[in-house]
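The values are calculated or read from the model by the stated rules, or taken from the named source; none is laboratory data. Owing to the predicted nature of the structure, the values given are computational and were not obtained by experimental measurement. No Cβ is skipped: glycine too gets one built from the backbone with ideal geometry, and neighbour counts run over all protein chains shown. When the accessible area is computed, the model is the full protein with side chains, heavy atoms only, and any ligands, DNA or RNA have been set aside. Shrake-Rupley method; radii C 1.70, N 1.55, O 1.52, S 1.80 Å.
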Amino acid sequence: MNKTFLVAWQEYRRHVFNRRFLLGLMSIPLVVVVMVGLIFLIISMENNTTPIGYVDYAGFLSDPVPAPPPEPPDKPVKMIAFASDAEAQSALDSGQIQAYYIIPEDYLTAGTLNVVYVAEVKSPARNQFYNFLTANILRNTDPAIANRVIKGAEITVQSADGKRSISTGDWFSVILPMIIALGFIVAMFSTGGYLMQAVVEEKENRTMEVIITSISPNQFMAGKIIGDTAIGLTQIFVWGLFIGVGVSLGRQSLDFLRGVQISMQTAILTVLIIFPSFITVAALMATIGATVTEAREGQQMTGLVALPIWIPYMFMFTMLNNPNSPVAIALSMIPLTAPLAILVRDGVTVLPAWQIALSSAIQILAAAGAIWLAGRAFRLGMLRYGKRLKWREIFTHQGVKS
């Protein structure tokens, strides 16, 4: 057992403290920061805080009440009254206002108004002026009702079985399980790639000849898989920490982040479904490394593992529209397709306990089978130099002890 953990630590240290790994580890947070920065840049470009003017011929804005403040990241825009079109036009020409609205006498019955601008009024400022009008039209109405009219309706979608409901403000909670699944999948392939490359390189430089004199093939392969899994969990921890800090900071200015939390069901699925799948992928990548003669050939074969994992994307609409359909349930049980499929369903429905238990059992059995396969392939192919191990030999070769 000590030898197994020595191999695991060597595998972990070899990759985690490597400059290439650290660059790759920080690349995804960096990309997210750049994307979020671009989003906020675009939003800031939309936020023109120059005042908006208006000429009120309808007469209901003689003593206006302010509209509710806009939700972040929109910034408040001041509304300025003018007595005439000429006065408003002069202010527009001098740059004191970005535009002015002409409210005709029949506005309350006809509902039409005119706007004059040099550059088109962006939606944040335009919406604030419309809210300003609405607040003053409803000034004699119950404030709670007026506020509800301004904010608009909040639609709640409920599943047919009544077990799950999602409001328009909870859309991020729907995609959060998918983000978690994608993060694990990226980590699966990056760390699995390290493991496959390490096995191939140790075969090519004949390090195997020295290693197998002091450790059994089973111990060696188990150590490799444990180390690879630890590398993946390190990636997930760093990314999760980064996302957690980002969400905590974003809650101060973005309303849709304030209600974000990982449900108990999502946490259970991560442990019972994704973790065994992680081990399965690592073991399969090790198996590929044991069967090929060079790293480039192994990289070409990784598609055999990658393709099933992305199959749920082909049925994404079906799973979102009917998360309890036979196709969705089947994809939640099959090894490799289960991680993405079951977390997509987790975002829109409550999964029955028996499905979670059955899928978990299948994933654990698949992980055990993949570890056995990797160990057998390694024992058969560890001393083959320049000769590829055929997959048929792994299952049919006799005389190899497990």
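Figures for the structure shown
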read-out: Placed amide H near Ile80: partners under 5 Å, 5+ positions off or other chain; value: Ile52, Gly53, Tyr54
read-out: In range of the label at Glu201: residues from the stretch 4-46 whose backbone nitrogen is under 19 Å from the point 7 Å along Cα→Cβ; value: 6-26
read-out: Surrounding net charge for Gly53, when Lys and Arg each add one and Asp and Glu each subtract one, Cβ distance under 12 Å; value: -3
read-out: Within the accessible area of the stretch 17-129 (1.4 Å probe), percent carbon and sulfur; value: 61
read-out: Förster-model FRET efficiency, 22 Å R0, Ile80 and Leu108, C-beta, rounded to 0.05; value: 0.55
read-out: Extension gain from Val271 to Glu87, taking 0.36 nm per residue of separation minus the Cα-Cα distance; value: 59.5 nm
read-out: Accessible area per residue in Å² at 1.4 Å probe, computed on the stretch 1-50; value: 74
read-out: Distance in nm between pseudo-label sites at Ala306 and Ile211 (7 Å out along the Cβ direction from Cα); value: 2.4
read-out: Spin-label pair Asn127/Leu30, simplified geometry with 7 Å Cα→Cβ offset, distance in nm; value: 3.4
read-out: Approximate spin-label separation Ser94-Val245, in nm, with each point projected 7 Å along Cα-to-Cβ; value: 4.9
read-out: Residue-span extension gain [Val16 to Phe40] - 0.36 nm each, minus C-alpha spacing; value: 5.4 nm
read-out: FRET efficiency for Thr50 and Thr141, using Cβ-Cβ distance with R0 set to 25 Å, rounded to 0.05; value: 0.25
read-out: For the stretch 352-357, 3J(HN,Hα) per residue [Karplus equation, 6.51 cos²θ - 1.76 cosθ + 1.60, θ = phi - 60°, Hz, x = Gly/Pro]; value: x, 4, 5, 5, 4, 5
read-out: Pairwise FRET efficiency - Ala330 versus Val116, Cβ, R0 = 45 Å, nearest 0.05; value: 0.15
